[in-house]
Amino acid sequence: NGGDRVGAGDNALVFVREDGVRRELSWSQLRTDVAAMRSYLRSQGVKSGDRVAALMPNVPETVVVFLAAAGIGAVFTSTSPDFGTAGVLDRFSQVAPTVLLAADGYVYAGKRHDRIDRLAEVAAGLPSVRTVLLHGEFDREVTTAGLADRLVGKTVLTLDDALAVGSALLATDPSSGESQLLPFDHPLYILYSSGTTGVPKCIVHRAGGVLIKHLVEHQLHCDIRPGDRVFYFTTCGWMMWNWLVGALASGATVVLYDGSPLHPDNDVLWRLAEQEQVTLFGTSPKFLDACAKNGDKPGVEHDLSHLRTVCVTGSPLSPEGFEYVYRAVKSDVHLAVMSGGTDIVGCFTIGDPTRPVFAGEMQGAALGMAVDVWTTEGISLNDSPGVHGELVCTAAFPSMPLEFWGDEDGNRYTAAYFDRFEGVWTHGDFASWTTNGGIQIHGRSDATLNSAGVRIGTAEIYRQVDQIPEVAESLAIGQEWDNDTRIVLFVRLIDGITLDDSLRQQIVKVLRTNCSPRHVPSKIVQVSDIPRTRSGKLAELAVADVVHGRPVRNTEALANPESLDNFAGLAQLQQ
């Protein structure tokens with residue numbers, strides 16, 4: 001009911017697509033559509049605890065179905081339509097949804113991607129699904145002709161028709177659209193781990209805990225106010241979508257964008273920020289790095305006077321990235337760099353609008369989070385700034401997962417978070433405190449490099465190497481070699497540049513001078529592409545598996561799985 005705090009004519013949702021399509025949904029219309037969808041879902045026999053799945057772009061209709069499901073106690077789960085059939089089934093088949101919402105396609109990087117055939121394959125592979133709702137993202141007058149014939153035994157209806165049925169039912173029975181009073185710990189949605197090391201874990205989140213967590217982060221850490229306009233670049237397959245939609249509870253207008261962040265140019269999201277008068281702009285270090293390398297100056301080229309907060313997450317932001325934001329975007333914004341994850345639908349470390357921002361540092365732990373950095377022996381490093389260790393949380397917090405789906409005895413849950421230190425959440429990040437009371441993340445601890453007995457965070461290497469103008473991006477792994485482990489650095493260079501001895505020496509010098517001799521890789525190899533997960537994180541473990549001849553267990557988790565071919569059988573790594 002966050003919309004009660006703003007005028008009835010104000011928008012709850014604004015949607016902009018890469019190709020310029022724009023739609024608005026007022027608070028009043030959002031309530032109406034959600035009530036109609038609740039009524040329809042109930043008419044289909046959907047009850048509390050049932051799962052409702054969405055294979056959807058980042059559009060208002062996804063939000064409507066999510067809110068409707070939540071209101072009747074159904075458990076919502078979503079992923080983005082760029083996933084292959086196997087990737088979708090790896091996720092949805094585990095939770096057995098009864099309703100599947102899907103779009104006829106999506107737009108990305110100047111192309112229209114039809115998804116009707118994939119929808120048919122997914123729906124056919126989910127025997128639990130009784131109802132398929134088709135959203136016309138390409139064709140607003142989309143029909144189910146042909147789809148129903150391929151999905152015998154399932155109800156197939158367009159989303160618009162389902163809303164019309166729900167509206168008609170509401171006219172005779174208004175109570176069919178009402179929300180249901182549910183327990184604090186009732187499951188709200190299911191999110192999925194990245195799945196780069198096997199079938200994704202199905203993480204069930206509780207409604208009350210998530211709501212509290214988001215209200216704290218949005219209102220206290222990110223200064224979101226009623227009437228603000230909040231944007232985060234995300235898809236429905238990343239936890240930041242859930243985080244973004246949560247801003248409705250603060251009475252803010254949520255700005256949804258679907259498409260590429262770099263098409264037709266690096267300016268597309270900054271134009272969006274200007275046109276929609278965005279107050280909170282959320283993005284990734286990778287996007288900011290691309291803008292910086294391109295020499296973009298968004299603050300000069302656009303009116304960003306409404307912008308108060310820039311949020312960044314997905315991977316560590318280098319000190320140069322901090323400096324770029326304050327130099328080229330806006331000098332008086334609050335740069336809130338965050339780190340958390342799908343596991344908690346929120347942050348362990350986050351911004352603080354009441355404290356100064358220091359380049360290269362997250363300002364501190366989120367409120368209500370007993371965050372610390374521990375040695376491998378379980379000793380706190382709170383009084384040892386600069387010393388690297390494991391990021392832990394030493395007390396329970398509201399948005400801890402309720403459970404893993406299908407984990408009847410809780411063993412998988414315990415193994416995921418509490419095996420390292422009994423009773424203490426270990427998140428798997430390599431971190432350190434700073435002299436300013438802030439925190440730095442140095443990469444995933446399972447991808448940490450060990451050089452001459454010293455643990456090195458991969459983020460330390462990327463910070464230096466990625467600042468070299470010729471380097472587009474880099475990835476480092478530890479290769480088992482000659483009864484030891486050596487650091488191998490892969491670099492993707494800008495177009496037209498070839499790795500030669502001069503550039504190799506430049507990379508070595510930068511790492512030796514700005515880090516230490518232990519940070520210098522034994523091998524530097526040029527590749528044409530580097531794999532990332534669909535949320536933009538470097539897939540270091542997948543590359544390590546390929547280099548060592550081990551199978552990569554779930555390439556569907558990668559945005560560009562074909563890039564793994566670059567790392568197989570490299571002659572440079574056999575000597």
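The values are calculated or read from the model by the stated rules, or taken from the named source; none is laboratory data. Nothing here was measured: the structure is a model prediction, and the numbers come from that model. Reconstructed Cβ throughout: ideal geometry from the backbone, glycine too, with neighbour counts over all protein chains shown. Accessible surface areas use protein heavy atoms only, side chains included; no ligands, DNA or RNA. Shrake-Rupley method; radii C 1.70, N 1.55, O 1.52, S 1.80 Å.
Annotations for the structure displayed:
- Residue within the stretch 118-138 that is under 20 Å from Phe15 (Cβ atoms), open to solvent by 10 Å² or more (accessible area, probe 1.4 Å) and free of Cβ contacts under 8 Å to residues at least 12 places away in the same chain present: no
- When the stretch 519-535 is limited to residues that are assigned to a strand (DSSP E or B) and of a type outside the set (S, T, N, Q), the one that is least open to solvent (accessible area, probe 1.4 Å) turns out to be Val525.
- Test result for His306, touching a Gly at 6+ places or on another chain (Cβ under 6 Å) and either open to solvent by less than 10 Å² (accessible area, probe 1.4 Å) or assigned to a loop (DSSP other than H, G, I, E, B) (or both): no
- Boolean, Val325 is among the hydrophobic types (A, V, I, L, M, F, W, C), open to solvent by 20 Å² or more (accessible area, probe 1.4 Å) and in a helix (DSSP H, G or I): no
- The set of residues in the stretch 262-279 that are touching a helix residue (DSSP H, G or I) at 6+ places or on another chain (Cβ under 8 Å) and either open to solvent by 20 Å² or more (accessible area, probe 1.4 Å) or acidic (Asp, Glu) (or both) comprises Leu262, Asn266, Asp267.
- Within the stretch 280-292, if we keep just the residues that are open to solvent by 10 Å² or more (accessible area, probe 1.4 Å) and in contact with an Asp or Glu (Cβ under 9 Å, 6 or more places away or on another chain), the residue that is nearest to Pro316 (Cα to Cα) turns out to be Lys286.
- For the residues Leu564, Leu558, Leu538, the requirement of being under 30 Å from Val88 (Cα atoms) and open to solvent by 30 Å² or more (accessible area, probe 1.4 Å) singles out Leu538.
- Residue in the stretch 21-36 that is on the phi > 0 side of the Ramachandran plot and at pLDDT 95 or above present: no
- Residue in the stretch 402-420 that is least open to solvent (accessible area, probe 1.4 Å), counting only those that are under 20 Å from Gly368 (Cα atoms) and in contact (Cβ under 8 Å) with a residue 24 or more places away in the chain: Tyr417
- Against the numbered list (1) in a helix (DSSP H, G or I); (2) over 30 Å from Leu191 (Cα atoms); (3) not acidic (Asp, Glu), Leu541 comes up short only at (2).
- Taking each residue of the stretch 89-111 that is over 13 Å from Val75 (Cα atoms) and looking for partners that are modelled with pLDDT of 95 or more and among the aromatic types (Phe, Trp, Tyr) with beta-carbon atoms closer than 7 Å, six or more apart or interchain, yields Gln94/Trp405.
- Among (1) of a type outside the set (Gly, Ala, Ser); (2) at pLDDT below 95; (3) in contact with a Ser or Thr (Cβ under 8 Å, 6 or more places away or on another chain); (4) part of a helix (DSSP H, G or I), the one test that Val165 misses: (2)
- Leading residue by the ranking (surrounded by the fewest Cβ atoms within 10 Å (Cβ to Cβ)) among those in the stretch 355-401 that are part of a loop (DSSP other than H, G, I, E, B) and either among the hydroxyl-bearing types (Ser, Thr, Tyr) or in contact with a Pro (Cβ under 6 Å, 6 or more places away or on another chain) (or both): Thr376
- Residue within the stretch 428-450 that is outside any loop (DSSP other than H, G, I, E, B), of a type in the set (Val, Ile, Thr) and open to solvent by 50 Å² or more (accessible area, probe 1.4 Å) present: no
- Screening the stretch 500-518 for residues that are modelled with pLDDT of 90 or more and in contact with a helix residue (DSSP H, G or I) (Cβ under 9 Å, 6 or more places away or on another chain) and picking the one that is most open to solvent (accessible area, probe 1.4 Å) gives Val510.
Per-residue answers, yes or no, for (1) within 30 Å of Ser305 (Cα to Cα); (2) aromatic (Phe, Trp, Tyr); (3) free of Cβ contacts under 8 Å to residues at least 40 places away in the same chain; (4) touching a Phe, Trp or Tyr at 6+ places or on another chain (Cβ under 9 Å):
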position: Pro174; (1), (2), (3), (4): no, no, yes, no
position: Gln180; (1), (2), (3), (4): no, no, no, no
position: Ser194; (1), (2), (3), (4): no, no, no, no
position: Arg229; (1), (2), (3), (4): yes, no, no, no
position: Thr234; (1), (2), (3), (4): yes, no, no, yes
position: Met239; (1), (2), (3), (4): yes, no, no, no
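- Among all residues of the stretch 333-353, there is none that is in a loop (DSSP other than H, G, I, E, B), surrounded by fewer than 20 Cβ atoms within 10 Å (Cβ to Cβ) and small (Gly, Ala, Ser).
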